[in-house]
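Colleague: Dropping a structure here in structure tokens format, bear with me for questions.
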Amino acid sequence: MRIAVLLRDRCKPKRCSMECIKYCPRVRTGDETIVVGEDGKPVISEELCVGCGICVHRCPFEAIKIVGLPEELKTDLIHQFGKNGFRLFRLPVPKEGRCVGILGPNGIGKTTAISILSGKIIPNLGEIGSKPSWDRVLEYFRGTELYEHMRGVANDELRVVVKPQYVDKIPKIMEGRIKDVLRKADEQGLFDEVVQRLSLNNVLDKRIESGKISGGELQLLTNAATLLKDADLYFFDEPSSYLDIYQRLNVSRVLRELSEKKKVVVVEHDLAIMDFLCDVVHILYGEEGVFGVVTHPKAVRHAINTYLSGYLSEENIRFSEPIEFEEHP
Ligand code: SF4
Ligand code: SF4
């Protein structure tokens, strides 16, 4: 299976000679493998493309990616951002009583996956010609582990809260004392407990917009605000960045306890925290802006070792170079 992706922000047809079209051997023989779209940018036919890669090398702005993917993924396409757009294959599966981790770099579909699982995006299943619908989505997921979850999202019966990744942006969009923000977020009467568990007592009177709140304090604030909400599924996108090791362990313990009662999904880059916190992990691999694949869930240690090795033995796929650690004296 071959996909052709145009990185639209890089493609500048007014500053090139449309080398992609000019040198495509299929176009030269007279077919329409690449045509000019309504916006003046190229549209590549994946059916006609033979994958020679000439357009990739000829484009002066490296705006085209032609990628070969395993045939098995064909039926696993969950969402595609337009023709020649980014594609996400498969989704993580949230599970009650288990902390589910997602491990992988940024830019390959994590936010899209979270948006789909929280109902912000109706996945189009790659059917880019028609408007996506929940009926079609439920039909697709029928008989799978995700069916009940998607049904809950489609019927607005499932409440999802997301702890955002970029906590440094919080002071730009929020103001007030930390205490007041957390009291407002508290839907379960857990203010005292969460403040104490996350050691937030000393910062409660600080004002968010003051510019005097550290990244770690902002991280604790957003983790606490998320924990105080009453939801069915909690997403924590990088809950431990900016935190010191004690705070990381503290937050991990709280999230672990939460996962015994609710569905919890965590995106985490700290492998030690991932190991401590999660029961199962989905590896997310792919190419930034081009495609992302969510693997089937793996036991946490197996997932971490697989991630470090860069090789999925079950699927015989090398997704990155192995990560090796050097010993320092
Ligand atoms: S893909 Fe590259 S060569 Fe083709 S129009 Fe865009 S910038 Fe020009
Ligand atoms: S990979 Fe080759 S055949 Fe496919 S669009 Fe590019 S130049 Fe044409």
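Colleague: Determine by what factor the alpha-carbon radius of gyration of region 45-170 differs from 2.2 N^0.38 Å, reporting the quotient.
Modeller: Rg over 2.2 N^0.38 Å, computed on Cα atoms: 1.23.
Colleague: So between E71 and N316, what do we pick up on full extension, going 0.36 nm a residue minus the alpha carbon distance?
Modeller: Taking E71 through N316 to full extension adds about 86.9 nm, to one decimal.
Colleague: Within the accessible area of region 92-318, what % is carbon and sulfur when the probe is 1.4 Å and the other protein chains stay in place?
Modeller: Carbon-and-sulfur percentage of accessible area, whole number: 48.
Colleague: Note down the magnitude of the dipole of region 92-318 about its Cα centre, charges +1 on Lys and Arg C-beta and -1 on Asp and Glu C-beta and zero elsewhere, to the nearest 20 debye.
Modeller: 280
Colleague: Another question, then. From the mean inverse distance of alpha carbon pairs (Kirkwood) and the Cα radius of gyration, derive Rg over Rh for the chain.
Modeller: Here Rg/Rh amounts to 1.02.
Colleague: Accessible area per residue for region 129-268 in Å², computed with a 1.4 Å probe and the full protein assembly in place, what is it?
Modeller: Ligands and nucleic acids excluded, the result is 52 Å² per residue.
Colleague: Next up: Return the single residue from P297, P239, P171 with maximal mean-square fluctuation; model: Gaussian network over the chain, springs between Cα atoms under 10 Å.
Modeller: Fluctuation is largest for P171.
Colleague: Just the number please: accessible area per residue for region 2-68, 1.4 Å probe, all protein chains included, in Å².
Modeller: 58
Colleague: For region 231-329, which chymotrypsin sites (Phe, Trp or Tyr not before Pro) are in a loop by DSSP, counting at most 14 other Cβ atoms within 10 Å?
Modeller: Hits after loop and neighbour filter: F325.
Colleague: With 20 Å as the limit, write out which pairs from K74/K95; K65/K298; K110/K179; K83/K131; K169/K261 have Cα-Cα distances beyond it, or answer none.
Modeller: Too far apart for the 20 Å limit: K74/K95; K65/K298; K110/K179; K169/K261.
Colleague: As I understand it, the dipole of region 92-318 uses +1 on the Cβ of Lys and Arg and -1 on the Cβ of Asp and Glu, about the Cα centre. Which of I245, P164, A185 lies farthest toward its positive end?
Modeller: A185
The values are calculated or read from the model by the stated rules, or taken from the named source; none is laboratory data. Small disclaimer: the values here were computed from a predicted structure and weren't measured. As a convention, Cβ positions derive from the backbone with ideal geometry for all residues, glycine included, and neighbour counts pool all protein chains shown. Each accessible area value is taken on the protein alone, full model and side chains, heavy atoms only, with ligands, DNA and RNA left out. Shrake-Rupley method; radii C 1.70, N 1.55, O 1.52, S 1.80 Å.
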